[in-house]
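FYI, it's all coordinate maths here, none of it is from the lab. Quick caveat: nothing in here was measured; it's all calculated off a predicted structure. Don't worry about glycine lacking a Cβ; one is built from the backbone with ideal geometry, like all the others, and counts go over all protein chains shown.
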Amino acid sequence: MYSEEFYRLALRHLEGYGSATLRQMLRLSGSACQLFTQPEAWRSKMSARARKLPPPTVTTDMAHQVEAELCQMEKYHIRMCSCLDADYPYRLKNCQDAPLSFFYRGEPIFNHTRMLAVVGTRDVSDYGRDATRKILSELRGSDVVTVSGLAYGVDTEAHQRSIENDLPTVAVLGNGLGRIYPSGNTALARQIVERGGTVVSEYDFHAIPDRVNFPRRNRIIAGMSDAVLVVETAVKGGSMITAYIAHSYNRDIFAVPGSIFDSRHDGCHELVRKNMAAIVTSGTELLDMMNWNTQPVCPVQTSLFVQLSEEEQAVVDVLRGGEVLLDVLSEKMNGCSPSKMAGILLGLELKGVITCKPGKLYALNN
């Protein structure tokens, strides 16, 4: 029998299984090891269609490949984060298209209390650089972790200014950790890790920076963040894809306004026009709108005379410890679908029991 880490890597080599099926298999089996070694314990609970798939097995070729990958990970100080791990980003875990696992080099800071994605065009203007520098300098000391894609332009500026202002930063790649792309940011990637940040990739070690990879990696940038700041972008491009994905994940979106004579600002203006993003011109404004400039206040007591359902009472019990982010609340309410959770929260708001604050932060009313 192999190690749990071996089996988690082997999962990535299974053919014929979709991501949703693999996720269900993991949930029913409880571990990658049991998924492979005790299929009789969970296969009967799968859908009829899934049961028609062959039982997952480790072939000789697969074993050799996984063993080589384990040696590679040890040599280059790479770790794997599975959706079964406590370190897996809880914000991302609640997204239907989240990866089952990913690789990283650095610190597992994915569940920090304040996560801000900063994205924008590769063809950044001096204005875009100055805006990124200004906003991130004003976030200094705010306990924010930034997330971006290590591309040239706004991404590079975001990582550099985060380091400059002692903000840990996460770089999400569109290729494997065997190389840094673009190569000109190799030193920056090393500095990110040295300063307490991390470099992340869902792709295998030798995966090349293929064009189709970058739109996919944008879902990770959006998914592991509380909010997305779009500094500068045209109407079409990767930054707009990230913003649209973030909007579908119910994340807060902020956009920096710019010149109406420069197409590099058209995307930000479009997001504002569609009521998808709020204008932000400073780090202080962003902190205010995200409610990140205040300490949570623990409510004293809710009304004794409000009639609560069992699910509503469960939510109230969670919130007695203080303000809780929507994603954290959903994670604690096991088995509660997003639509059901939305109904419970709306009911509690209408009863005057809870309040929804900026940044999808819920709290009990005093």
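Numerical summary
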{"item": "Global geometry of the stretch 69-186, whether rounded, prolate or oblate, following the gyration tensor of its Cα atoms and the 1.5 cut on a/c", "result": "prolate"}
{"item": "Among Asp266, Asp317, Asp97: highest mean-square fluctuation, GNM of the chain, C-alpha pairs under 10 Å", "result": "Asp317"}
{"item": "Relative contact order computed over the stretch 4-75 (Cα-Cα under 8 Å; 6+ residues apart), in percent", "result": "37"}
{"item": "3J(HN,Hα) from dihedral phi, the stretch 53-66, Karplus parametrisation 6.51/-1.76/1.60, rounded to Hz, x for glycine, proline", "result": "6, x, x, x, 9, 9, 7, 4, 5, 4, 4, 4, 5, 5"}
{"item": "Cα→Cβ-extended label distance, 7 Å offset, between Asp210 and Arg179, nm", "result": "1.5"}
{"item": "Whole-number percent relative contact order across the chain, with pairs defined as alpha carbons under 8 Å at least 6 apart", "result": "13"}
{"item": "Linear extension gain, Ala50 paired with Met80, 0.36 nm per residue minus alpha-carbon span", "result": "8.1 nm"}
{"item": "Residue among Glu310, Glu107, Glu157 with the largest mean-square fluctuation in a Gaussian network model of the chain, springs linking Cα atoms under 10 Å", "result": "Glu310"}
{"item": "Additional length obtainable on full extension of the chain from Glu4 to Thr113, 0.36 nm per residue less Cα span", "result": "36.4 nm"}
{"item": "Sorted by Cβ neighbour density within 10 Å, fewest at the top, the residues Met25, Met240, Met62", "result": "Met62, Met240, Met25"}
{"item": "Under 5 Å, built H, 5+ apart or other chain: amide partners of Ala277", "result": "Val272"}
{"item": "Prolate/oblate/rounded call for the stretch 1-120, Cα gyration tensor, a/c under 1.5 rounded", "result": "oblate"}
{"item": "Reduced Cα scattering model of the stretch 17-70, Debye log10 I(q)/I(0), q = 0.24, 0.28 Å⁻¹", "result": "-0.97, -1.15"}
{"item": "Of all DSSP beta bridges in the chain, antiparallel share, percent nearest 5", "result": "40"}
{"item": "Distant-in-sequence amide H partners of Ile354 (H built 1.01 Å from N, under 5 Å)", "result": "Glu349, Asn365"}
{"item": "The stretch 161-178 - phi-based ³J(HN,Hα) in whole Hz, Karplus 6.51/-1.76/1.60, Gly and Pro as x", "result": "6, 5, 4, 4, 9, 6, 9, x, 9, 10, 10, 9, 8, x, 8, x, 6, x"}
{"item": "Loop-located trypsin sites (Lys or Arg not before Pro) in the stretch 1-96 whose Cβ has at most 14 other Cβ within 10 Å (DSSP)", "result": "Lys52"}
{"item": "Cα shape, the chain, gyration tensor, a/c 1.5 rule", "result": "oblate"}
{"item": "Nitroxide proxy distance, nm - points 7 Å out along Cα→Cβ at Asp123 and Gln96", "result": "3.5"}
{"item": "3J(HN,Hα) from dihedral phi, the stretch 203-209, Karplus parametrisation 6.51/-1.76/1.60, rounded to Hz, x for glycine, proline", "result": "9, 4, 3, 9, 4, 7, x"}
{"item": "Residue order, fewest to most surrounding Cβ atoms within 10 angstrom, among Ile78, Ile354", "result": "Ile78, Ile354"}
{"item": "Scattering curve values for the stretch 310-364, log₁₀ I(q)/I(0), Debye with Cα scatterers, q = 0.16, 0.30 Å⁻¹", "result": "-0.38, -1.56"}
{"item": "Paramagnetic reach from Val235 (point 7 Å along Cα→Cβ, amide N under 17 Å) across the stretch 252-272", "result": "258-272"}
{"item": "Residue-count net charge about Asp210 - beta-carbon cut-off 14 Å; Lys, Arg +1, Asp, Glu -1", "result": "+2"}
{"item": "Structure-based [θ]222 nm, the chain - -39500 (n - 2.57) summed over DSSP H runs of at least 4, per residue, nearest 500", "result": "-11500 deg cm²/dmol"}
{"item": "Nearest-0.05 FRET efficiency for Glu310 and Leu350, computed from C-beta distance (R0 25 Å)", "result": "0.90"}
{"item": "Virtual spin-label span in nm between Asn365 and Ala342, 7 Å along Cα→Cβ", "result": "2.3"}
{"item": "Built amide H within the under 5 Å cut-off of Tyr362, gap 5+", "result": "Val324, Leu325, Leu326, Lys357"}
{"item": "Highest-fluctuation residue, Leu11, Leu350, Leu177 considered, GNM on the chain with Cα pairs under 10 Å", "result": "Leu350"}
